[in-house]
1. Taking percent of Cα pairs over 39 Å apart straight from the coordinates, which label in [x] 16; [y] 53; [z] 41 is the correct one?
2. Using Cα pairs under 8 angstrom and six or more residues apart, how large is the relative contact order of region 248-331, in percent?
3. Multiplying the sequence separation of residue 161 and residue 218 by 0.36 nm and subtracting their Cα-Cα distance, what value in nm do you get?
4. Would you calculate, for the chain, the mean residue ellipticity at 222 nm contributed by helices, counting each DSSP H stretch of 4 or more residues as -39,500 (n - 2.57) and dividing by all residues, to the nearest 500?
5. Between helix 153-169 and the chain, what is the angle of the helix's C-alpha long axis to the longest principal axis, kept within 0 to 90° and rounded to the nearest 10?
6. When only Cα pairs under 8 Å and 6 or more residues apart are kept, what is the percent relative contact order across region 164-227?
7. If we sort 193-201, 236-244 on the protection proxy, mean other Cβ atoms within 10 Å, highest first, what's the order?
8. Any idea what angle helix 77-113 forms with the longest principal axis of the chain, computed on alpha-carbon atoms, 0 to 90 degrees, nearest 10?
């Protein structure tokens, strides 16, 4: 029987050298096998994952074999504990770093395939990265303490209390953050859309952040609304599903007017207005018989919601001028007072 087989230190050195060779060969085989599989797919995600896992896989085989070999070699308990603890620590650090890299690659890949018109992607991606990083580091820390047999019960209790305090203090902030995430996935509007809030504010979406959304009114006033409110209120998006915007112009003409001429005049006015689209075509509707006149409505489409005010102004001006030139009367409330002679005699 060879002399070195009776020396546990020499046996462990031999095992270490064997594991180093084995891990190197296993790493090469893993890279080749995984590389062949990844070439069968069209995405580049698996190629990047294979590249990230190649080195950690090889190193993990080495330290896993080292830890297992300690059970078969007669070494002092203190030496076994420190070698295994150091090996576990290296594995924890190695895989923590690897998982952080993998999470960043996966998050970037997923977000790049998700269309985002809200502008939130630049905020959501770093947030998801940071959350995943904190979770991985937190788990790694607890594993590290467990490996070195440090009592983590007080730390868990403290972390629970601290988490409850932070959650209570930041509940509004977290509500806004989750509201921003819901906006990112639901996409009720995008930057540049004109929206009307349930409270009546109307404006263009300027920015969408994780905590708040800002809209700019036609008076160039910036309104900041927390995302928790945006996510739980009714929103009218005037720019969706298409950017063009429908305009209704109510108009009354006097009784006795030529209704065919009224309709023709309104359509001519709409067709000659720059901001009015030809398709869908403008149309006129005779709505009702009013107290003082005949009620019509001109319906047409503006190019975008931002032009609503200007288009209404142009249409009103042109309608008034055309009606004046064609002697179409626009009525106003009138009252006729009839005085009878017998009523005068009674008062005198």
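1. Among [x] 16; [y] 53; [z] 41, the one calculated here is [y].
2. The value is 41 percent.
3. Full-extension gain reported as 15.7 nm.
4. -19500 deg cm²/dmol
5. The answer is roughly 10 degrees.
6. Reported relative contact order: 28 percent.
7. Highest to lowest by the protection proxy: 193-201, 236-244.
8. The two axes meet at around 30 degrees.
Coordinate-derived values only; no laboratory data. Predicted model, so just to flag it, every value in this text is computed and none were measured. Don't worry about glycine lacking a Cβ; one is built from the backbone with ideal geometry, like all the others, and counts go over all protein chains shown.
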